[in-house]
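Okay, so here's the structure we're looking at.
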Amino acid sequence: MQISSNHNFENKVIVITGAGGVLCGFLAKELAKTKAKIALLDINFEQANTFAQQIVEQGGVAKAYQTNVLELDSIRASNEQIKQDFGSCDILINGAGGNSPKATTDNEFHQFDLPENTKTFFDLETSGVEFVFNLNYLGTLLPTQVFAKEMLGKQGACIINISSMNAFTPLTKIPAYSGAKAAISNFTQWLAVHFSKVGIRCNAIAPGFLVSNQNRALLFNQDGTPTARANKILTNTPMARFGEAEELVGGILFLMDDRYSSFVNGVVLPIDGGFSAYSGV
Ligand code: NAD
């Protein structure tokens with residue numbers, strides 16, 4: 001992907017949580033091409049550091065910081081280090097998130113006479129549901145508490161959260177992840193209003209179904225044909241294909257760049273090939 005030379009974030013500090021992950025690691029590498037200084041935060045330092053090193057090797061400015069987005073002390077420590085290394089945060093991308101098998105049912109629909117070992121809604125573990133809500137919701141709120149304080153009154157300050165298709169209409173099997181991402185969309189609107197007088201815009205993207213190395217095996221058979229689940233997704237995506245990670249970048253750049261989106265505040269931008277617009281009929 002060619003990052004448009006229209007986007008120049010030289011001297012801006014972009015903090016990305018979950019930057020050791022598939023999507024945000026990719027995003028970090030793309031955003032580094034805008035000349036911004038990229039702070040890659042992740043509980044998995046090794047992975048974030050690998051991406052940071054790749055950015056530096058390609059002439060960009062980046063550093064990894066081991067950070068647990070669920071612990072204020074850890075986030076604060078990274079904030080202090082980032083301020084020493086690069087200066088204070090201008091743009092925060094809250095990318096850390098995820099689901100848990102302990103909060104996932106085996107079946108799409110409850111049925112009478114299910115096999116005994118089926119994990120139904122009634123078997124979901126409280127700890128799994130808590131994990132998912134904490135990671136997605138608190139894991140967005142706590143970094144925002146720390147980094148938004150640095151952003152108050154700064155020109156071009158903005159926050160971007162990562163919501164999901166689940167936030168509009170829940171997907172089957174994953175009630176906790178769906179609820180937590182709905183909470184992220186709601187929180188995005190709340191933040192947009194709350195910080196509207198102090199110069200911080202807050203928006204979110206809601207990615208549709210993307211192919212990544214993590215889910216490729218679930219979506220495609222060995223001969224390259226789509227699996228049953230992949231077919232269901234494609235049938236419900238009017239553009240009839242999966243998205244690519246690089247197709248998120250344009251939406252994020254638009255929301256970040258206040259020369260293009262200075263009056264855009266509190267939106268959740270679907271990047272989904274029309275999935276959220278389609279009733280299936
Ligand atoms: P990923 O699992 O590859 O990355 C998530 C990262 O978060 C990992 O590197 C992990 O180490 C990190 N993390 C987990 N717990 C943490 C903690 N307590 N503190 C700090 N870091 C922690 O996931 P991804 O697919 O790249 O997704 C990134 C974001 O996009 C998530 O919020 C996800 O919910 C959202 N999302 C993904 C998709 C998709 O298709 N992959 C679709 C919609 C939304």
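Do the sum for the chain: with -39,500 (n - 2.57) for every DSSP H run of n ≥ 4, divided by all residues, what is the mean residue ellipticity at 222 nm, to the nearest 500 deg cm²/dmol?
On the way: 10 runs with 102 residues, N = 281.
Rounded to the nearest 500, it is -10500 deg cm²/dmol.
Of LYS35/LYS181; LYS33/LYS181; LYS12/LYS35; LYS33/LYS154, which sit over 20 Å apart, Cα to Cα?
Working: LYS35/LYS181 31 Å; LYS33/LYS181 29 Å; LYS12/LYS35 8 Å; LYS33/LYS154 22 Å.
As for pairs spanning more than 20 Å Cα to Cα, those are LYS35/LYS181; LYS33/LYS181; LYS33/LYS154.
With loop defined by DSSP as not H, G, I, E or B, and exposure as at most 12 other Cβ atoms within 10 Å, which is the longest segment of the chain clear of exposed chymotrypsin sites (Phe, Trp or Tyr not before Pro)?
Working: sites that count: PHE109, PHE112, PHE263.
Segment 113-262 is the longest.
On average, how much accessible surface per residue is there in the chain, in Å², for a 1.4 Å probe, leaving out ligands, DNA and RNA? Please list the in-between numbers first.
Details: 14180 Å² over 281 residues.
Here the residues of the chain average 50 Å² of exposed surface.
Using a 1.4 Å probe on the protein heavy atoms only, what accessible surface does ARG229 show? Give it in Å² to the nearest 10.
It works out to around 110 Å².
Enumerate the calculated ³J(HN,Hα) couplings along region 74-85 in order (Karplus 6.51 cos²θ - 1.76 cosθ + 1.60, θ = phi - 60°), each rounded to whole Hz, writing x wherever the residue is Gly or Pro.
Each residue's phi maps through the Karplus curve to give 5, 5, 5, 4, 5, 4, 4, 5, 4, 4, 5, 6 Hz.
Along Cα→Cβ, 7 Å out, is where each label goes; now give me the distance between the ones at ARG229 and VAL211 in nm to one decimal.
1.6
Using only alpha carbon positions, build the gyration tensor of region 29-72, then give the equivalent ellipsoid semi-axes as the square roots of 5 times its eigenvalues, largest first, whole angstrom.
Values: eigenvalues 81, 23, 8 Å².
After scaling each eigenvalue by five and taking roots: 20, 11, 6 Å.
³J(HN,Hα) across region 142-149 via Karplus (A = 6.51, B = -1.76, C = 1.60, θ = phi - 60°), whole Hz, x for Gly/Pro?
Going residue by residue, I get 5, x, 5, 4, 6, 7, 5, 4 Hz, with x marking Gly and Pro.
Can you put LEU135, LEU269 in order of accessible area, largest first, using a 1.4 Å probe? Write out the running numbers ahead of the final one.
Working: LEU135 30, LEU269 55 Å².
Descending order: LEU269, LEU135.
Number of Lys pairs in region 37-128 with C-alpha atoms less than 24 angstrom apart, excluding same-chain neighbours closer than eight positions?
Numbers: LYS37/LYS63; LYS37/LYS83; LYS63/LYS83; LYS102/LYS119.
Lysine pairs satisfying the spacing and distance rule in region 37-128 number 4.
Based on the Cβ-Cβ distance of HIS194 and GLN58, what FRET efficiency does E = 1/(1 + (r/R0)^6) give at R0 = 45 Å, to the nearest 0.05?
Details: r = 37 Å, r/R0 = 0.83.
For R0 = 45 Å, the calculated efficiency reads 0.75.
What is the diffusion coefficient of region 8-85 in µm²/s, taking the Kirkwood radius over Cα pairs and the Stokes-Einstein relation at 37 °C with a viscosity of 0.692 mPa s?
Working: Rh = 12.0 Å.
D, rounded to a whole number, is 274 µm²/s.
Would you list the P(r) distribution for the chain, with all Cα-Cα distances sorted into 10 Å bins from 0 and each bin expressed as a whole %?
Pair shares across the bins are 7, 28, 36, 21, 7, 1, 0.
Kindly give the semi-axes, whole Å and largest first, of the ellipsoid equivalent to region 1-153, taking each as the square root of 5 times a Cα gyration tensor eigenvalue.
Details: eigenvalues 256, 63, 32 Å².
The three semi-axes for region 1-153 are 36, 18, 13 Å.
When the chain is modelled as a GNM with alpha-carbon springs shorter than 10 Å, which of GLY18, GLY139, GLY250 fluctuates the most?
Checking each option, the largest mean-square fluctuation is seen for GLY250.
I want to verify a result. In a Gaussian network model of the chain, Cα cutoff 10 Å, which of these has the top mean-square fluctuation: GLU57, GLU30, GLU130?
GLU57
If DNA, RNA and ligands are ignored and the probe is 1.4 Å, what is the ranking of THR50, THR126, THR105 by accessible area, most exposed first?
Details: THR50 60, THR126 100, THR105 20 Å².
Ranked from most to least accessible, the order is THR126, THR50, THR105.
Short version: ³J(HN,Hα) in whole Hz for each residue of region 93-107, in order, from phi by Karplus 6.51 cos²θ - 1.76 cosθ + 1.60 (θ = phi - 60°), x for Gly and Pro, what are they?
Running phi through 6.51 cos²θ - 1.76 cosθ + 1.60 with θ = phi - 60° gives 10, 8, x, 5, x, x, 10, 9, x, 5, 10, 10, 7, 6, 10 Hz.
Tell me, what % of the accessible area of region 157-225 is carbon and sulfur with a 1.4 angstrom probe?
Values: 1730 of 3110 Å².
Taking all protein chains in place, region 157-225 shows 56 percent carbon and sulfur surface.
Which GluC sites (Glu not before Pro) does region 66-127 hold that lie in a coil by DSSP with at most 15 other beta carbons within 10 Å? Working shown, then result.
Numbers: sites: GLU71, GLU80, GLU108, GLU116, GLU125; in loops: GLU71, GLU108, GLU116, GLU125.
Filter output for region 66-127: GLU71, GLU108, GLU116, GLU125.
Name the aspartates and glutamates eligible as straight-distance cross-link partners of LYS173: C-alpha to C-alpha under 19 Å, and not fewer than 8 places from it in the same chain.
Straight-distance partners of LYS173: ASP106, GLU108, ASP113, GLU116, ASP123, GLU125, GLU130.
Tilt of helix 22-31 relative to the longest C-alpha principal axis of the chain, in degrees (0 to 90, nearest 10)?
That helix lies at roughly 30 degrees to the long axis.
Under the rule of at least 5 residues apart or a separate chain, name every residue whose amide H is placed under 5 Å from the amide H of ALA204.
It is ASN161, VAL267, VAL268, LEU269, by chain and number.
Of the candidates LYS149, LYS232, LYS63, which one comes out as most mobile in a Gaussian network treatment of the chain with C-alpha springs shorter than 10 Å?
The residue with the greatest mean-square fluctuation here is LYS232.
Whose amide H sits under 5 Å from the amide H of LEU210, counting only residues 5 or more places off or on another chain, with H placed in the peptide plane?
Those qualifying (amide H under 5 Å, at least 5 residues apart or on another chain) are GLY243.
The values are calculated or read from the model by the stated rules, or taken from the named source; none is laboratory data. Keep in mind the model is a prediction, meaning the values are calculated, not measured. Note: ideal-geometry Cβ built from the backbone for every residue, glycine included; neighbour counts use all protein chains shown. To get the accessible areas, we keep the full protein, side chains included, count just its heavy atoms, and leave off ligands, DNA and RNA. Shrake-Rupley method; radii C 1.70, N 1.55, O 1.52, S 1.80 Å.
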